[in-house]
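> Handing you a structure now.
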Amino acid sequence: MPHDTATADGAPSPELIKAYIRDIPDFPHAGILFKDITPLLNHREAFAAAVDGLCAPYRDAGVDHVVGLEARGFIFGAPVAMELGAGFVPARKAGKLPSDTIGQSYDLEYGTATVEVHADAITPGSRVLIVDDVLATGGTGRAAVDLVRKAGGTVVGFSVLMELSALHGRGKLPDVELHALLSV
């Protein structure tokens, strides 16, 4: 495993991060190659490099809130919020939050789903960074952007650990600054 934590320009080393993401074939279904981030989470330097990389483009962006998408976006969103001196807002599946919520529905391959935040979590006019582990087809990401805007926030960016480029999720977010540490 590599030990360099940064490139010459100070950015987190993609090789360090890649080294701790393992491929699990046929999970959760046959034909799917799952990108397992648990080794990265268990490695102090790799996890710190990932959090630093997710924050890097937004350190001077005046971020007020970081929205983390359920569930692995919580893992990265909370430390990113701490690093940026911002509040953390969990965006959850419908029915999981205990207080009044606002939601945004999006299409799945078979049906729809809804992502929600507490109605009082994003103050109107606030600057919001959305964080997740993976950008795949872009449906959840698009819903999160629309939800932040519905709440009155301004999306300053969408930062992900990795983008599954073959699924073209970036195409659903043409109006958002998208930052991916890895494109696979």
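The values are calculated or read from the model by the stated rules, or taken from the named source; none is laboratory data. This is a predicted model, so every value here is computed, not measured. Cβ coordinates were reconstructed from backbone atoms using ideal geometry, including for glycine residues, and neighbour counts include every protein chain displayed. Surface areas here come from the heavy atoms of the whole protein model, side chains and all, with no ligands, DNA or RNA. Shrake-Rupley method; radii C 1.70, N 1.55, O 1.52, S 1.80 Å.
> Consider residue 71 against the criteria (1) modelled with pLDDT under 95; (2) more than 15 Å from the chain's Cα centre (by Cα): it satisfies all of them except one. Which criterion is unmet?
Single failed check for residue 71: (2).
> Working only within segment 103-112, note down all residues that are surrounded by fewer than 17 Cβ atoms within 10 Å (Cβ to Cβ) and either of a type in the set (Phe, Trp, Tyr) or at pLDDT 95 or above (or both).
Hits for segment 103-112 are 105, 110.
> On to the next question. Collect the residues in segment 135-174 that are in contact (Cβ under 8 Å) with a residue 12 or more places away in the chain, among the charged types (D, E, K, R) and in a helix (DSSP H, G or I), keeping them in residue-number order.
Those that are in contact (Cβ under 8 Å) with a residue 12 or more places away in the chain, among the charged types (D, E, K, R) and in a helix (DSSP H, G or I): 142, 146, 150, 170, 172.
> For residue 77, which of the numbered conditions (1) more than 28 Å from residue 18 (Cα to Cα); (2) of a type outside the set (A, V, I, L, M); (3) open to solvent by less than 40 Å² (accessible area, probe 1.4 Å) fails to hold?
(1)
> Let me ask something else about it. Looking only at residues in segment 157-175 that are open to solvent by 20 Å² or more (accessible area, probe 1.4 Å) and touching a helix residue (DSSP H, G or I) at 6+ places or on another chain (Cβ under 8 Å), which one is farthest from residue 139 (Cα to Cα)?
175
> When segment 107-134 is examined, which residues are found to be aliphatic (A, V, I, L, M) and assigned to a strand (DSSP E or B)?
108, 113, 115, 117, 128, 129, 130, 131, 134
> Okay, moving on. Return only the number of the condition from (1) among the aliphatic types (A, V, I, L, M); (2) open to solvent by 50 Å² or more (accessible area, probe 1.4 Å); (3) touching a Gly at 6+ places or on another chain (Cβ under 6 Å) that residue 136 does not satisfy.
Residue 136 satisfies all of (1) among the aliphatic types (A, V, I, L, M); (2) open to solvent by 50 Å² or more (accessible area, probe 1.4 Å); (3) touching a Gly at 6+ places or on another chain (Cβ under 6 Å) except (2).
> Please enumerate the residues belonging to segment 28-41 that are of a type outside the set (A, V, I, L, M) and under 24 Å from residue 77 (Cβ atoms).
28, 34, 35, 36, 38, 39
> Now for a separate question. Pull up segment 44-62, narrow it to residues that are outside any helix (DSSP H, G or I) and in contact (Cβ under 8 Å) with a residue 40 or more places away in the chain, then point me to the one that is surrounded by the most Cβ atoms within 10 Å (Cβ to Cβ).
61
> Pick from segment 80-101 the residues that are of a type in the set (A, V, I, L, M) and open to solvent by 40 Å² or more (accessible area, probe 1.4 Å): which of them is farthest from the chain's Cα centre (by Cα)?
94
> Let me ask something else about it. Kindly check whether there is at least one residue in segment 63-72 that is assigned to a loop (DSSP other than H, G, I, E, B), loosely packed, with under 15 Cβ neighbours inside 10 Å and β-branched (Val, Ile, Thr).
No, because not a single residue in segment 63-72 is assigned to a loop (DSSP other than H, G, I, E, B), loosely packed, with under 15 Cβ neighbours inside 10 Å and β-branched (Val, Ile, Thr).
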